[in-house]
Every structure is written in C-alpha cells, then in structure tokens.
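Some notes on the structure that comes next.
The values are calculated or read from the model by the stated rules, or taken from the named source; none is laboratory data. No experiment lies behind these values; they were computed from the predicted model shown. Every residue, glycine as well, gets a Cβ built from its backbone with ideal geometry; the counts of neighbours run over all protein chains shown. Keep in mind that these areas ignore ligands, DNA and RNA; they rest on the heavy atoms of the full protein, side chains included. Shrake-Rupley method; radii C 1.70, N 1.55, O 1.52, S 1.80 Å.
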Amino acid sequence: LDDEKRLRLMKATAIAHANIALIKYWGKRDERLNLPAVGSISVTLRELSTKTQVVFDEKLTRDELILNGTPAGEEERQRVSRFMDIIRSEAKISEKCKIDSRNNFPTGAGLASSASAFAALALASSHAAGLTLSPEELSILARRGSGSAARSVYGGFVEMKKGEAADGSDAFAVQLAPPEYWDLHILILITSTEQKLIGSTGGMIQTQETSPYYFRWISEQDRDLREMREAIRKRDFEHLGELAEFNALKMHATAIAARPGILYWNGTTVELIHEVRRLRLQGEAVYFTIDAGPQVKLICEAPSVDKLRQHFQNFPGIKQIIDTPLGPDAYLWEASK
Ligand code: PMV
C-alpha cells in the first residue's frame with residue numbers, strides 16, 4: 001500500500017497557456033541560469049495551451065518524453081532531462097520520469113511552444129516531486145527551462161522582472177492584471193509552418209555579441225516597461241499598441257544589425273506590417289507584434305475581431321488565423337490522482 005501511495009503522489013498533470021510579449025525579452029545576463037538582460041511584459045493567451053503529465057517511476061532508467069503523441073527527438077529529450085535534474089536536486093529524489101506533453105494548438109503551426117511547455121512542466125513536475133512552491137518560486141523554476149515560460153505561470157497581463165541577484169532569486173514574473181481586466185484579443189496570422197533556422201537563445205547570444213545597437217536596446221527597456229505599465233493601468237489601447245509595435249521593431253532592428261544579421265521575417269511578414277499600417281490610416285484600431293519567427297500577431301480589442309479576421313482571411317501568404325482572448329494562470333489538472 002505504501003508503494004501505491006507513493007506512486008500516486010509522484011504523478012501530476014498541469015495546464016499552462018502560451019503568452020505573447022508586448023515588451024520583448026531579448027538578451028541574457030547569465031546563460032546557465034537563464035537570467036534575462038531586460039524585463040518584459042506579456043499577455044497570456046487562452047486558446048493556446050499545453051497539458052503535461054509527469055510520472056516519476058523508480059523503474060525507469062532514463063527520462064522519457066512524449067510530445068503530441070510521439071517520442072521526442074534526442075535533443076529535446078535532453079533539454080527536458082536537464083530541467084528534470086533541477087527538480088530532482090531540489091526535491092532530493094532520484095527517480096527518472098515519463099513526461100507526456102500535448103499542445104492544443106496545431107503542431108508545426110510555427111508557433112513557439114516553449115513558454116506554455118516549460119510552465120506546465122514546472123508546475124506538474126514540482127507537484128509530482130512533492131515540492132511546495134510559491135508562485136515566485138514556480139516562475140523562477142519555469143525560467144530555467146525557457147525565459148518566456150516564467151511569464152506563463154500567470155494569466156492576464158504579466159511582467160517578468162530582470163532581477164539583480166547573481167543567483168536569479170529575484171528574476172521572476174508577477175501578474176499586473178488578471179485576464180478579465182481588459183478584453184484584448186490577439187490574432188495570430190501564420191505565414192509559415194517551417195522550423196526556424198535560428199532559435200531564440202542562439203539569436204540572443206549572436207545579437208549581444210555582435211550587434212552595435214544591443215547596448216542601446218538594453219538601455220531603453222526600463223523606459224518602455226514603465227510606459228507599458230502606464231498604458232495598461234489606463235487601459236489606453238492606442239498607447240499600448242503603438243508602444244508594442246515600437247518595441248518589437250526595435251528588437252528586430254537590433255537582431256538584424258547582428259553579424260551575420262538575424263532576420264526572422266519572410267515576404268508575407270513585411271506585407272502584413274504594411275497592411276496593418278494601411279488599416280490604421282483608414283481608422284482601424286489594430287497594431288502588430290512579431291517574435292523570433294515570421295508570424296505576425298495582431299493586437300486589437302474584442303469588437304474589432306470579426307472584421308479583422310475577415311479582412312485577413314484571403315490575404316496572400318496567410319496559412320491560418322488563430323484568434324484568442326487573454327487566458328488564465330497555469331493550474332493543476334488532476335493532482336495525485
Ligand atoms: O523564452 P525564449 O527563450 O523562447 O525567448 C523568447 C523571445 C521572444 O519571444 C522573441 C520575446 C519574448 O519576450 O517572448
């Protein structure tokens with residue numbers, strides 16, 4: 001019975017949602033602990049989530065990872081296994097585990113899933129390992145897997161603190177406002193489903209080592225963060241949108257100026273930037289942001305969604321459109337069942 005009880009306690013399932021940054025994280029102050037060089041502000045997305053089950057089992061000889069129903073590649077498995085080593089060392093356990101992780105959004109949609117994946121994994125695995133973590137500690141743990149995952153611990157509007165401490169103890173996210181605070185929508189315009197050539201970590205390192213604009217990017221971020229907090233506090237949509245667009249283009253300009261330059265956009269990405277600006281000249285309240293990939297994310301308020309969706313439905317080069325309002329905190333699904 002003891003064994004059975006123990007096994008039951010060593011299993012948990014969690015759900016976390018993806019997020020999109022309005023003020024971007026780009027640059028690391030410590031690679032090993034994954035400490036950001038800048039703070040960031042994001043919104044959590046209701047329609048994009050990852051559900052992850054973790055089972056620690058003393059019979060396993062190595063960690064196993066199933067992604068969307070199929071065994072993950074060796075590189076991904078090792079990245080996750082290194083993350084599990086952190087959990088094991090904190091919980092003082094040695095059991096290997098089986099991880100089953102599923103995204104509710106189409107795989108190969110060209111969407112970054114590391115934020116929702118590592119937030120769900122941090123919550124499920126810490127719970128399964130018997131750790132009781134505060135939200136800050138959970139966010140710090142998720143950060144070790146992926147910087148943006150630290151933000152997916154919370155719903156609504158979230159700020160990731162850059163922190164000052166060398167051990168990362170103050171580099172965690174906090175919630176600025178819950179999802180129901182403001183009915184913002186993000187429309188994800190998918191322009192490519194191909195794997196990108198340079199990931200976020202590689203892109204950041206290359207930017208900080210070679211871009212002449214990197215220092216300027218870093219030095220302006222606190223001002224952008226302050227302004228974004230203010231726009232959210234006032235529910236000032238124009239200000240939020242204009243600032244998000246500025247910050248995203250500034251991040252890309254800094255990366256483009258690296259040597260060799262890092263360009264995540266395709267032709268459709270550029271056409272869409274022009275189109276959003278044309279729509280604004282016609283009086284439409286819509287802005288865009290872009291992450292380390294070619295997809296364009298429109299930022300709008302709920303009443304504009306239908307019209308915008310229709311407008312972009314047949315736009316050349318768009319493969320799919322996903323509309324989402326803001327989503328909730330990460331949560332446990334069936335703890336120790
Ligand atoms: O969390 P990472 O390592 O996948 O980096 C995220 C980088 C951006 O998506 C471009 C910006 C951000 O703040 O999410």
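Structure values in brief
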read-out	value
Qualifying positions in the range 188-203 - within 14 Å of the ligand (Cβ to nearest atom) and touching a strand residue (DSSP E or B) at 6+ places or on another chain (Cβ under 8 Å)	ILE188, THR201
Which numbered condition HIS185 fails, given (1) within 16 Å of the ligand (Cβ to nearest atom); (2) farther than 16 Å from TRP265 by Cα; (3) modelled with pLDDT of 95 or more	(1)
Test: residue in the range 109-131 that is over 16 Å from the mean Cα position of the chain (by Cα) and farther than 15 Å from VAL55 by Cα	no
Cβ-Cβ under 6 Å pairs, at least 6 apart or on other chains, the range 74-89 side touching a residue at least 24 places away in the same chain (Cβ under 8 Å), far side part of a helix (DSSP H, G or I)	PHE83/GLY145; ILE86/ARG144; ILE87/SER125
Test result for SER200, under 18 Å from the mean Cα position of the chain (by Cα) and closer than 19 Å to THR289 by Cβ	yes
Long-range neighbours under 7 Å by Cβ, at least six apart or interchain, first residue free of Cβ contacts under 8 Å to residues at least 12 places away in the same chain within the range 117-128, second among the hydroxyl-bearing types (Ser, Thr, Tyr) and part of a helix (DSSP H, G or I)	none
Residue check, SER169 within 16 Å of the ligand (Cβ to nearest atom) and either crowded, with 20+ Cβ neighbours inside 10 Å or among the small types (Gly, Ala, Ser) (or both)	no
Of all residues in the range 152-166 being touching a helix residue (DSSP H, G or I) at 6+ places or on another chain (Cβ under 7 Å) and crowded, with 24+ Cβ neighbours inside 10 Å, the one that is farthest from GLU75 (Cα to Cα)	PHE157
Failed criterion for PHE237 (all others in (1) open to solvent by less than 50 Å² (accessible area, probe 1.4 Å); (2) within 16 Å of the ligand (Cβ to nearest atom) hold)	(2)
Considering residues of the range 27-47 that are open to solvent by 10 Å² or more (accessible area, probe 1.4 Å) and within 16 Å of the ligand (Cβ to nearest atom) only, the residue nearest to GLN221 (Cα to Cα)	ALA37
Some residue of the range 120-139 being under 18 Å from THR201 (Cα atoms), among the hydrophobic types (A, V, I, L, M, F, W, C) and within 14 Å of the ligand (Cβ to nearest atom)	no
Flag if PHE288 is under 25 Å from MET160 (Cα atoms) and under 20 Å from the mean Cα position of the chain (by Cα)	yes
